[in-house]
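Novice: This is the structure I want to talk about, given as structure tokens.
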Protein chains: 2
Amino acid sequence: MSGIPRRRLFGYAGAGVALAGAGAAVGALAAAPPAVRPAASLADAVPFDGEHQAGIVTPAQDRMHFVALDVKTTKRDELVGLLKDWTVAARRMTEGREAAELGAVGGRPEAPPKDTGEALGLAASALTLTIGFGPSLFDDRFGLKDLRPAGLIDLPRFPRDDLDERRSGGDLCVQACANDPQVAVHAIRNLVRIGFGRVAVRWSQLGFGRTSSTTRDQATPRNLFGFKDGTNNIKAEDADALRDHVWVTADDGPRWLVGGTYLVARRIRMHVEIWDRTSLAEQEDLVGRTKGSGAPLGQVDEFDPVDLHVRGAGGAPRIAADAHVRLASAESLGGARILRRGYNFTDGTDGLGHLDAGLFFIAFNRDTARQFVPMQQALSTKDRMMEYLEHTGSGHFAVPPGVREGGYWGDTLFA
Amino acid sequence: MSGIPRRRLFGYAGAGVALAGAGAAVGALAAAPPAVRPAASLADAVPFDGEHQAGIVTPAQDRMHFVALDVKTTKRDELVGLLKDWTVAARRMTEGREAAELGAVGGRPEAPPKDTGEALGLAASALTLTIGFGPSLFDDRFGLKDLRPAGLIDLPRFPRDDLDERRSGGDLCVQACANDPQVAVHAIRNLVRIGFGRVAVRWSQLGFGRTSSTTRDQATPRNLFGFKDGTNNIKAEDADALRDHVWVTADDGPRWLVGGTYLVARRIRMHVEIWDRTSLAEQEDLVGRTKGSGAPLGQVDEFDPVDLHVRGAGGAPRIAADAHVRLASAESLGGARILRRGYNFTDGTDGLGHLDAGLFFIAFNRDTARQFVPMQQALSTKDRMMEYLEHTGSGHFAVPPGVREGGYWGDTLFA
């Protein structure tokens, strides 16, 4: 089998990846548009304030902790107060500082510490914190009903969805990404702590390894099917694609969301045990790429453009009609693309002798109804890979624009 | 509150930790006894063969994936065949190679790949794989009944245990530790794949961050209570302590286990939300150390010896009678010590608005009945910290000695 190069041939490429990643960030710092805002190194801080929230086109960090929360207060003022409190803490934590200025409330040891402490001594680790507002936030409680974006649709039920309500929905979400998982978990935990009495955790997900690159210089990582994932992802350097596919504009509206985007989260269980008993040829046909190099079938290198029209023996399309890359391609979807930012996970066991593992899919797009939905509709109905997948959780959130100095998360919504 | 230094004061200590870790390994390579066998850098390979299994006194890697399995075959030959197959794959993977020589069985693309692929291009990452045999392996199935070590006791039920059978026990366990979590998860997943039909996953646990140091130069990490953990851990450089407290000797028996040890695993849910509302002074009293520096109460520096006899205002012991460090101290336990090698975890949500997070405790000791058991008995009955803890999973395994060249995992048991 010549498709998979032996890992030994890569030498210690993993170390190289880390270095390349750091180098990539430095390179991007010089060349990229301001929206990229990378950390100078894997350990450094990513600016919190800006036109867009960080954590979207920021070079994808290695680890993630994601939380969806339900708002427990019914008072608009308390919700706004929470968002202000969170912003103060988020700004500090992304700078590599603890969540609050003093170690204990009022500086008194009789009071609880204002930071939980497990990130003391750890670097900023390129931590980004990104907030989103779910459809349910725009009900009667907070006077936001008229401000619900038309684009913040209730996601349709897709064929073969097997969603667990306890892993779906939420009034709010916060995505924490960092190169040190302890820093990401610390950030979510402290936001939850600060929100005590005002919010409660609805669900959360740890992602141990990134499955996307969001800048051109990042090496493409592999998902738990063993394939490179996100080769054709929208990259931070591609300002046109970001404008066309990611950021909400004044034409799209509503006004408070301009410069924001929509986040779609899907917890995708991967039945790896069944996949692992599938032949290499079948795996490659299902994906539409070679497993070793990641090249599209019919091509040579990973970044060769996908050509859906190449024919193989007997005149059959080299990339099958039901191959994943064909169905998910912009060419098949009338030009629709999304910015992916997912993570591999493993959550123990399913109780049936298998690992409970998969991909926590996160995508950002400008118009979910025209981008993610038709893509997922095509995949859930036609993609043969679906035999190995199970969508067990789902969320849709409007991601407000970045915060300006002195502002707070979502201030354009509450102004 | 002066106890917690501001993280800013640490500068970018996190990056320093990573570098110090690498340096530590290099330093240890020169100075430490052969048993340490560290990787030369965080990305390099740790030798698989040796007197003892790797992953016990190896400098604690940053990430862990642990699995417990039930043996499904009832044939001794098939069990031995599995252990041989696993050894071949484990040796290769710890070298940074894929699980088998060729990408697909027989080199044919019609066959399933012999490696699942998600670690292609990643470094060895100091991967160690450590096997253990549970009490249930020594039942009637495999003719091992007479070889069950007397030390492989059924753990007693401790006060306040809240064990979930689905997170406890197992005929076998494998601990995978690596500095890249994808490498650890890949290793477990491939061992499970190789064992298909012969073993099934009983439970598994991902640990995102180490809570122990096992060499003197490793920085002490923090657990999710925000405290430094494992300051007084047995260190790899302390040959006397390893001999006295970790490795099974010919005097202990049985003969097949000489050079091995016993592994105790406990999944300890930490009720962090309640802890976070406890005052700093109370937290420090419960632990018996200061939160910032990790110094024992009544002392100045982290590594100052714990003095249980220092008295404070009014003549009361500075370290309370029910403080964690007192109850767990060798002084209180007739000299008993254990080698800890645990990891922080977060597994989503408990469904009640809280994070499901805690510490996956792993300890190695020479005689569980005289070391771990009395320690846990003291803690579960007297430690006030137990109000914030819940033991939800448990396992006890005999860890065979290291494999010699040409041998296989557990060959001394089956010889």
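Novice: Evaluate peptide A:345-357: per residue, the Cβ atoms of other protein chains within 10 Å of its Cβ; return the mean as an integer.
Specialist: Details: counts 3, 9, 6, 13, 10, 1, 4, 2, 9, 4, 10, 3, 6.
Neighbouring Cβ atoms belonging to other protein chains average 6 per residue here.
Novice: Relative contact order for segment A:5-414: what is it in percent, counting Cα pairs under 8 Å that are at least 6 residues apart? Show your work: numbers first, answer last.
Specialist: Details: 919 pairs, mean separation 94.2, N = 410.
Over segment A:5-414, the number comes to 23 percent.
Novice: Per-residue Cβ counts within 10 Å, from other chains only, averaged over B:181-188: what number is that?
Specialist: Details: counts 9, 10, 2, 2, 8, 5, 0, 3.
Neighbouring Cβ atoms belonging to other protein chains average 5 per residue here.
Novice: Defining a contact as two alpha carbons under 8 Å apart and six or more residues distant in sequence, what relative contact order in percent does segment B:100-200 show? Mind showing how you got there, number by number?
Specialist: Numbers: 91 pairs, mean separation 33.2, N = 101.
Reported as a whole number, the value is 33 percent.
Novice: Every other copy gets compared here: list the nm distances from the B:ASP251 label point (7 Å along Cα to Cβ) to its counterparts, shortest first, one decimal.
Specialist: Its label point is 8.4 nm from the equivalent points in the other copies.
Novice: Can I ask one more? P(r) for segment B:317-412, please, calculated from all Cα pair distances in 5 Å bins and given in %.
Specialist: In order of increasing distance, the bins hold 2, 10, 16, 19, 17, 13, 9, 7, 4, 2, 0, 0 percent.
Novice: Most fluctuating residue of B:THR249, B:THR211, B:THR87 in a GNM of chain B with Cα springs under 10 Å: which is it?
Specialist: Top of the fluctuation ranking is B:THR249.
Novice: Picking from A:TYR388, A:LEU152, A:ALA90, whose Cα lies most toward the positive end of the charge dipole for chain A (charges on Cβ: Lys, Arg +1; Asp, Glu -1)?
Specialist: A:TYR388
Novice: Could you sort the peptides B:71-77, A:381-387, A:275-281 by per-residue average Cβ neighbour count (10 Å cutoff), highest mean leading? Numbers along the way, then the final one.
Specialist: Details: B:71-77: 13.9, A:381-387: 17.0, A:275-281: 18.7.
Most protected by this proxy first, the peptides run A:275-281, A:381-387, B:71-77.
Novice: While we're looking at this one, here's another question. Mean shadow of chain A, computed from the convex hull of its alpha carbons, in nm²?
Specialist: Value for chain A: 21.3 nm².
Novice: Could you work out Rg/(2.2 N^0.38 Å) for segment A:39-175, with Rg from alpha carbons only?
Specialist: On the way: Rg = 17.6 Å, N = 137, 2.2 N^0.38 = 14.3 Å.
That ratio works out to 1.23.
Novice: Classify the protein assembly as shown from the C-alpha gyration tensor, please: rounded if a/c falls under 1.5, else prolate or oblate depending on whether a/b exceeds b/c.
Specialist: Working: a/c = 1.82, a/b = 1.16, b/c = 1.57.
In terms of gyration-tensor shape, oblate.
Novice: Ok, one more. Nearest 10 degrees, 0 to 90: what angle lies between the long axis of helix A:181-194 and the longest principal axis of chain A (Cα atoms)?
Specialist: Result, in degrees: 40.
Novice: Here is a further query. Sequence neighbours fewer than 8 away in the same chain don't count; with that in mind, list the lysines whose C-alpha is under 25 Å from A:LYS235.
Specialist: The reachable lysines, counting only those whose Cα sits under 25 Å from A:LYS235, are A:LYS291.
Novice: Please label the shape of segment B:68-143 as rounded, prolate or oblate, based on the square roots a ≥ b ≥ c of the eigenvalues of the alpha-carbon gyration tensor (a/c under 1.5 means rounded; beyond that, a/b larger than b/c means prolate, else oblate). Intermediate values should be presented prior to the final figure.
Specialist: Working: a/c = 3.02, a/b = 1.59, b/c = 1.90.
Because a/c hits 1.5 or more and a/b fails to exceed b/c, segment B:68-143 counts as oblate.
Novice: Which distances in nm, rounded to one decimal and ordered from shortest, link the label point of A:ASP164 to the equivalent label points in the other identical copies, with labels set 7 Å from Cα toward Cβ?
Specialist: Result for A:ASP164, in nm, nearest copy first: 0.9.
Novice: Hey, can you rank A:314-325, A:262-273 by average C-beta count inside 10 Å, highest first? Mind dumping the intermediate values first?
Specialist: Working: A:314-325: 16.5, A:262-273: 22.9.
Averaged packing, sorted descending, gives the order A:262-273, A:314-325.
Novice: Straight-line reach from B:LYS72: which lysines have a Cα under 29 Å away, not including same-chain ones fewer than 8 places off?
Specialist: Within the straight-line limit of under 29 Å, B:LYS72 reaches these lysines: B:LYS84, B:LYS114, B:LYS145.
Novice: Taking each residue of A:200-207 in turn, how many C-beta atoms of other protein chains fall within 10 Å of its C-beta, and what is the average? Present the calculation step by step, with values, prior to reporting the outcome.
Specialist: On the way: counts 5, 10, 3, 3, 8, 4, 9, 1.
So the per-residue partner count for this stretch is 5.
Novice: Classify segment A:154-309 from the C-alpha gyration tensor, please: rounded if a/c falls under 1.5, else prolate or oblate depending on whether a/b exceeds b/c.
Specialist: Values: a/c = 1.83, a/b = 1.40, b/c = 1.30.
Cα axes put segment A:154-309 in the prolate bin.
Novice: At a threshold of 8 angstrom on Cα-Cα distance, excluding pairs fewer than six apart, so keeping six or more, what relative contact order does segment B:284-372 reach in percent? Working shown, then result.
Specialist: Details: 128 pairs, mean separation 16.4, N = 89.
Here the relative contact order equals 18 percent.
Novice: Using the 7 Å Cα-to-Cβ label point, sort the distances from A:VAL88 to its equivalents in the other copies shortest first and give them in nm to one decimal.
Specialist: For A:VAL88, the other copies' label points sit at 6.3 nm, shortest first.
Novice: Then there's this: Given the options A:PRO254, A:PRO401, A:PRO59, which has the most mean-square fluctuation in a GNM of chain A, springs set between C-alpha atoms less than 10 angstrom apart?
Specialist: Maximum fluctuation in the GNM of chain A, among the listed residues, is at A:PRO254.
Novice: In addition: Can you order the peptides A:369-380, A:172-183 by their average number of other Cβ atoms within 10 Å per residue, highest first? List each step's numbers first, then the result.
Specialist: Details: A:369-380: 19.4, A:172-183: 27.7.
Most protected by this proxy first, the peptides run A:172-183, A:369-380.
Throughout, read-outs are computed from the coordinates displayed, never taken from laboratory work. Values in this document were obtained by computation on a predicted structure and should not be read as measured data. We place every Cβ from the backbone using ideal geometry, glycine too, and count neighbours over all the protein chains shown.
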